[in-house]
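Below you'll find the structure, written out as structure tokens, and then a few comments.
The values are calculated or read from the model by the stated rules, or taken from the named source; none is laboratory data. Keep in mind it's a predicted model, so treat the numbers as computed, not measured. Please note: Cβ atoms are built from the backbone with ideal geometry, for glycine as well, and neighbour counts cover all protein chains shown. With ligands, DNA and RNA removed, areas are computed over all heavy atoms of the protein, side chains included. Shrake-Rupley method; radii C 1.70, N 1.55, O 1.52, S 1.80 Å.
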Amino acid sequence: MYLEKLAQIGDDIIESGCRDEVPTPQVLKNISFDLHKNSRQHNNEILSLQIMLGKKRKSPDEVLQKVFLHPKGVMLWSLRSIDVFQERCREDIVYLDATGSIKKKEKDCPPFYVYELVVRSPKKNSSPLPVATYLTCDHTTASVTYFLEAFQTDVARSYGRKGMRSPIMIICDGSMVLMQAICLVFAKKNLQDTMNHYYNIASGRATVADFKVPILHRCLSHVMKNTKEMCRKYAPQHYHLAMHTFVLFTTASSLAELDEMVESAAVVFASPSSGAIVEKHFNNLQSWLQKKGIKVD
């Protein structure tokens, strides 16, 4: 409707910037809402979704997979998105993210979140592709684990257990709920056991079994966001030095070197007064920053 109305406006009016005869975004939004509402199978949204689920014809493009009443939730993926996941997960990174505030909070109603399993497009400069989506108001490890396992079950139905591919790397925001669910589903271990495998690799004592565990990586943008908040809260007068010190940690080439850096940082930023020991560790930090080429403003 918007494009049709726009095409009916003369060139002179278009150039003047006048859009009075074109419906506003809110009008179009109301029309769209009414059309969707009239096309529902039932007045109740959940019952409407359940009716739609019962009419599935197993088309490769059908995305509605599961509908829950208590707690309310919907799972979405398709046979085509399973194929995309199977193709991309062994070549590139898989992301698991949660988006909140997608629904206005109502009285006596918990907030809804959208959890999405996402892969990068194989085409350069193209948007990422969500391969599985979970809308729910239940934010627990059990809930997210069930979502991932349900998706993995359908992957197994398409490719068989032996044909399933485990992601080489999964990135999330660092939420304990997401990290625990990822470990239970993709690594088949709890978070602590998974971390032990990573420690063996980092300490040089890894076995073949350690390298078979998918890599769980915290999103660096979320790490930096948390770092900024910590530095502003605990070292407001030395904010820039604190931020550069965190950057220094990422340059450590061994656990022993990282331990030394963390110890010096703890002494410098946690000591209530200055002294010979504090000065020694401060000089250590300065020396490391200079060697790594990190310039402190």
Of (1) over 19 Å from LEU79 (Cα atoms); (2) open to solvent by less than 30 Å² (accessible area, probe 1.4 Å), TYR115 satisfies every one except (1)
Mind checking whether some residue in region 57-74 is aromatic (Phe, Trp, Tyr) and in a helix (DSSP H, G or I)?
no
Residue by residue through region 251-291, note down the ones that are closer than 21 Å to ALA202 by Cα and surrounded by fewer than 11 Cβ atoms within 10 Å (Cβ to Cβ).
SER253, ALA256
Run down HIS217, HIS244, HIS222 and say which single residue is within 28 Å of the chain's Cα centre (by Cα), touching a residue at least 40 places away in the same chain (Cβ under 8 Å) and either open to solvent by less than 60 Å² (accessible area, probe 1.4 Å) or more than 26 Å from MET179 (Cβ to Cβ) (or both).
HIS244
Taking region 133-179 and keeping only residues that are within 23 Å of PHE211 (Cα to Cα), of a type outside the set (Val, Ile, Thr) and buried (at least 20 other Cβ atoms within 10 Å of the Cβ), one is left with LEU148, PRO167, CYS172, LEU178, MET179
Total residues in region 172-211, condition of a type outside the set (Phe, Trp, Tyr) and assigned to a helix (DSSP H, G or I)
23
Does ILE51 satisfy the criteria of being hydrophobic (A, V, I, L, M, F, W, C), farther than 24 Å from HIS139 by Cβ and out of contact with any Asp or Glu (no Cβ under 9 Å at 6 or more places or on another chain)?
yes
Region 131-162, residues that are without any contact (Cβ under 8 Å) to a residue 12 or more places away in the chain and either in a strand (DSSP E or B) or more than 22 Å from the chain's Cα centre (by Cα) (or both):
ALA156, ARG157, GLY160, ARG161, LYS162
Picked from region 32-52 (must be assigned to a helix (DSSP H, G or I) and small (Gly, Ala, Ser)), the residue nearest to LYS72 (Cα to Cα) is SER48
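Could you list all residues from region 225-241 that are in contact with a Cys (Cβ under 8 Å, 6 or more places away or on another chain) and either within 26 Å of SER203 (Cβ to Cβ) or open to solvent by 90 Å² or more (accessible area, probe 1.4 Å) (or both)? Spell out how you get there, then give the answer.
Start the filter on region 225-241 by keeping residues that are in contact with a Cys (Cβ under 8 Å, 6 or more places away or on another chain), which leaves 239.
Residues satisfying the conditions do not exist here.
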Is one or more of the residues making up region 58-72 within 23 Å of MET179 (Cβ to Cβ), surrounded by 12 or more Cβ atoms within 10 Å (Cβ to Cβ) and modelled with pLDDT of 80 or more?
yes
Pick from region 85-103, criterion under 18 Å from the mean Cα position of the chain (by Cα) and in a helix (DSSP H, G or I), ranking: surrounded by the most Cβ atoms within 10 Å (Cβ to Cβ):
PHE85
From the options MET230, MET243, residue that is on the phi < 0 side of the Ramachandran plot and touching a Ser or Thr at 6+ places or on another chain (Cβ under 8 Å)
MET243
